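To start, the structure under review is shown below, and the notes come after it.
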Amino acid sequence: MLSNFLRVITKVDWKPGRDLWAIAVSYILVVVTLYTATMIVGWQVWGGMAYFLLYGVLMAGVFGIGIPVYWTVVVRKRPLSDLGLTNRYLWISLGLQIVFSALQYWGTLAKTGVPEFSSFLPLVALALAIGFFEAIFWRGWVLMRLEDAFGFIPALLLGSVLYAAYHIGYGMPMSEMVFLFFIGVMYAIAFRLTKSVFLLWPIFQPMGQLVTLTKDQLSLPLIASLGFLEAFVVMIIIIVVGARYAKKHSVSEPTSMNQQASPTMP
């Protein structure tokens with residue numbers, strides 16, 4: 001098992017293909033939409049509705065989930081497990097998530113505390129919805145497609161660079177992006193243990209976002225919780241439609257791409 005682990009993580013490939021074009025298009029659309037929502041439109045237009053439509057529905061839902069699901073299931077005829085949406089190693093993934101989340105909590109929120117309920121609930125809703133998008137888009141979509149093309153370590157580094165650079169859409173300075181690069185590395189390595197988004201979501205990655213949101217003292221109206229819930233529903237609908245399409249068209253588990261066992265799994 002150790003030899004298999006070393007073989008998987010040290011393997012370097014050069015198999016660029018059309019998947020990289022799909023990643024590039026989705027990445028540009030996500031970043032541009034995020035920047036437009038946050039830096040140009042802001043919270044004031046249409047009472048915040050314009051922001052939610054751009055940030056939650058268009059960026060996270062249509063571009064962040066819709067493009068990966070469409071490309072994976074319809075174009076490539078692959079199952080949703082290629083995006084980390086799988087129950088394989090589910091209990092192991094959830095167990096590891098609890099352990100990682102507990103360590104993260106005692107190192108962060110347990111020391112800083114949380115705001116009062118009315119202020120904290122919108123932040124939780126934001127972290128859950130956007131955390132779900134990020135787990136699928138950055139780990140299941142970007143990381144795994146890059147690994148198919150270049151191998152794990154190049155994918156880890158390049159994917160983390162793209163993840164950090166994506167935060168330019170939030171107007172973050174370069175110093176914070178350097179920190180986010182290492183956060184991206186941490187989440188990517190954790191995800192790769194089982195290749196399941198359920199190692200990251202709904203606690204581990206959203207908690208990391210909550211730490212950032214509370215430190216930045218972001219304040220959202222209580223009604224924002226409903227907006228992020230609606231965005232999350234859009235994501236789920238897209239995934240359900242993709243799953244039904246895969247079932248109807250008999251899309252089966254792959255025999256080659258991403259079929260390697262997780263390096264830590266027997």
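Descriptive notes on the structure:
- Built amide H within the under 5 Å cut-off of L200, gap 5+: none
- From the alpha carbon centroid of segment 170-233 to that of segment 33-51 is 19 Å.
- Cβ-placed point charges (K, R +1; D, E -1), dipole of segment 77-145 about Cα centre in debye, nearest 20: 360
- Arranged from fewest to most other beta-carbon atoms within 10 Å of their beta carbon, M59, M49 become M49, M59.
- Near G151, the amide H atoms lying under 5 Å from its own belong to D13; only residues 5 or more places off or on other chains count, and H is placed 1.01 Å from N.
- Estimated FRET transfer efficiency when R0 is 22 angstrom, pair S175-I223 (beta carbons, to 0.05): 0.10
- Within the same chain, lysines fewer than 8 places from K215 are excluded, and of the rest, those with a Cα less than 16 Å from its Cα are K111.
- Selection from Y245, M177, P206 lying farthest towards where the dipole of segment 16-248 points positive, charges on Cβ: Y245
- Cα-Cα over 30 Å, subset of K77/K195; K11/K247; K11/K248: K11/K247; K11/K248
- Of V32, V74, V45, the residue with the greatest mean-square motion in the GNM of the chain, using alpha carbon springs below 10 Å, is V45.
- Ranking of M235, M174 by neighbouring Cβ atoms within 10 Å, starting from the fewest: M174, M235.
- Near L123, once Lys and Arg are set to +1 and Asp and Glu to -1 for all other residues with Cβ below 14 Å from its Cβ, the sum equals -1.
- Span-like helix check, the chain: qualifying full DSSP H segments, with Cα axial length of 18 Å or more and mean Kyte-Doolittle of 1.6 or more, are 117-134, 152-166, 174-194.
- P(r), alpha carbons of the chain - 10 Å bins starting at zero, rounded %: 7, 30, 38, 20, 5, 0
- Estimated translational D of segment 155-247 in µm²/s (Stokes, Kirkwood radius over Cα pairs; 20 °C; 1.002 mPa s): 139
- For K195, no residue has an amide H sitting under 5 Å from its own, ignoring neighbours fewer than 5 places away on the same chain, with H placed 1.01 Å from N.
Here, each number is a calculation from the coordinates, and none is a lab measurement. If you're wondering where the values come from, they're calculated on a predicted model, not measured in any experiment. All Cβ positions, even for glycine, are placed from backbone atoms using ideal geometry, and neighbour counts span all protein chains on display.
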